[in-house]
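A short write-up of the structure that comes next.
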Amino acid sequence: MKMRLRANFILATVVNLWMVHTVASLWNIGIGHGRHANSRFLLDNGVSRTPPMGWNSWNHFWCGINESVVMSTADALVSTGLASLGYKYVNLDDCWAESERDENGKLRGKTSTFPSGIKALADYVHARGLKLGIYADAGNRTCSNQMPGSLHHEYEDAKTFAQWGVDYIKYDNCYHDGTRNRERYIAMGHALQKIKRPIHFSLCEWGQEDPAKWAGAYGHSWRTTGDINDTFASVTWIADLNNRWGRYAGPGRWNDPDMLEVGNGGMTMDEYRSHFSIWSLMKAPLLIGCDLRSASNRTLRILGNKEVIEVNQDSLGVQGRKLRSKDGLEVWAGPLSDNRVVVVLWNRSELRALITAAWRDFGLSPNTPAIVRDLWKHKYVSMNKRDRLTASVAPHACKMYVLTPLQS
């Protein structure tokens with residue numbers, strides 16, 4: 001009996017290893033999703049095993065934030081049901097602090113806009129089952145030039161953030177001393193390791209030194225591009241830049257193509273659905289950038305699409321990528337857990353068009369039957385689809401599907 005169990009265990013292990021290597025070769029990914037996969041992360045603290053989700057103040061409010069805005073946004077995350085879908089982080093961006101450090105050299109919240117202090121704000125956010133994020137900079141001043149940076153104050157500031165109960169740090173790259181980005185970001189990574197609080201470390205050096213190649217050893221996400229803006233041209237440009245770095249991402253370390261613009265008013269609803277679909281497929285952090293307190297029902301339906309969010313939060317943690325592009329008609333896809341595949345047919349052209357994804361595009365035999373589910377219509381397209389999938393897609397819109405292959 002023991003010999004039979006041992007033989008079955010060995011057989012199962014061999015089969016599992018074969019399946020892993022097969023999936024890896026089909027999708028051109030490393031077994032560990034990046035060169036740091038086999039080394040212990042400096043910040044291996046269990047944070048962000050799936051991409052972080054939440055809200056950030058910058059895209060809509062810029063420097064016009066205060067504790068009332070942040071508290072009411074935390075309340076809105078709960079009341080809209082978004083918090084229950086995984087949107088947990090409430091992140092302050094630039095301009096939250098006084099322009100100079102206090103007499104002890106510590107950062108402090110701006111008394112005119114955060115009179116209760118950052119610790120009290122963290123307590124308010126935590127009481128609602130959410131997490132607080134904060135902004136700092138790897139230079140002498142932040143990008144607004146309205147508050148001090150953390151260069152040469154890394155440990156002191158990391159300790160302050162931990163004492164306040166901060167859960168997420170976005171670390172920007174302005175007004176620095178000209179030293180290499182990597183050196184300055186590693187310094188904060190070491191500081192966060194010392195304070196031993198599980199904090200998500202988001203490196204925002206705009207992709208200047210190809211952080212996908214090294215940042216996974218020191219933080220949990222890294223910007224691969226410059227700043228996004230609320231236009232379709234910006235979304236397509238950033239998607240293409242971020243697409244290059246998919247093999248370096250994986251559980252606990254994510255490529256970050258910047259925050260969501262959904263709901264800010266500069267794009268159509270079709271364009272916002274495309275934006276949200278591609279960010280989800282690419283396993284990007286999903287950080288809402290609009291004013292949630294006045295968000296329309298249509299905006300909330302996009303941000304709250306549970307089936308699309310499940311693609312983003314899939315436990316396999318493999319970034320989807322662009323497979324084909326011709327005349328603005330694109331096929332993006334990626335592997336999901338349980339041998340499923342996510343497929344996005346994206347029309348970046350100005351005319352409605354047919355887009356086709358063939359089973360061979362993602363390593364399936366044409367004869368393999370698959371269940372096909374439309375994630376925006378929330379219905380099954382087919383229970384026995386073979387060979388290829390074709391859809392008519394409106395300009396700047398997309399179709400998003402999950403394919404579940406069946407045994408032939």
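Results, tabulated for the structure shown:
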{"read-out": "Charge context of His378, other residues only, Cβ under 10 angstrom, K/R +1, D/E -1", "value": "+2"}
{"read-out": "Val393, Val381, ranked by accessible area, largest first (probe 1.4 Å)", "value": "Val381, Val393"}
{"read-out": "With Cα atoms, 0 to 90° folded angle of helix 118-127 axis to the chain main axis", "value": "40"}
{"read-out": "The chain, helix-only ellipticity at 222 nm - DSSP H runs n ≥ 4, -39,500 (n - 2.57), divided by all residues, nearest 500", "value": "-9000 deg cm²/dmol"}
{"read-out": "For the chain, alpha-carbon Rg and Dmax in angstrom", "value": "22.1, 74"}
{"read-out": "With Cα atoms, 0 to 90° folded angle of helix 67-79 axis to the chain main axis", "value": "30"}
{"read-out": "Heavy-atom accessible surface of the chain: percent carbon and sulfur, 1.4 Å", "value": "51"}
{"read-out": "For Gly328, net neighbour charge (Lys/Arg +1, Asp/Glu -1) across residues whose Cβ lies under 11 Å away", "value": "-1"}
{"read-out": "Tilt relative to the chain, helix 232-243 - C-alpha long axis, 0 to 90 degrees, to 10", "value": "80"}
{"read-out": "Fraction in percent of alpha-carbon pairs per bin - 10 Å, region 321-405", "value": "19, 55, 24, 2"}
{"read-out": "About the Cα centre, charge dipole magnitude for region 60-193 (Lys/Arg +1, Asp/Glu -1 at Cβ), debye", "value": "280"}
{"read-out": "For region 170-220, Kirkwood radius (reciprocal of mean inverse C-alpha pair distance, Å)", "value": "11.3"}
{"read-out": "Cα-projected label distance for Lys306 with Asn384, points at 7 Å along beta-carbon direction, nm", "value": "2.9"}
{"read-out": "Straight-distance crosslink candidates among lysines, where the alpha carbon sits under 28 Å from Lys110 and sequence neighbours closer than 8 are dropped", "value": "Lys88, Lys119, Lys131, Lys159, Lys170, Lys194, Lys196"}
{"read-out": "Kirkwood Rh and Cα Rg combined as Rg over Rh, evaluated for region 107-221", "value": "0.96"}
{"read-out": "Dipole magnitude of the chain about its Cα centre (Cβ charges: Lys, Arg +1; Asp, Glu -1), debye to nearest 20", "value": "1960"}
{"read-out": "Asn45 long-range amide H proximity, modeled H, under 5 Å", "value": "none"}
{"read-out": "Antiparallel DSSP beta bridges within region 52-158, percent to nearest 5", "value": "25"}
{"read-out": "Heavy-atom surface of region 53-313, accessible at 1.4 Å and reported per residue (Å²)", "value": "34"}
{"read-out": "Bridge type composition, the chain - antiparallel percent by DSSP, nearest 5", "value": "60"}
{"read-out": "Probe 1.4 Å, protein heavy atoms only - accessible area per residue of region 321-405 in square angstrom", "value": "46"}
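The values are calculated or read from the model by the stated rules, or taken from the named source; none is laboratory data. Treat the numbers as computed from the prediction; the structure is a model and nothing was measured. When we count neighbours, we look across all protein chains shown, and the Cβ atoms used for this are built from the backbone with ideal geometry, even at glycine. All accessible areas refer to the heavy atoms of the entire protein, side chains included, with ligands and DNA or RNA removed. Shrake-Rupley method; radii C 1.70, N 1.55, O 1.52, S 1.80 Å.
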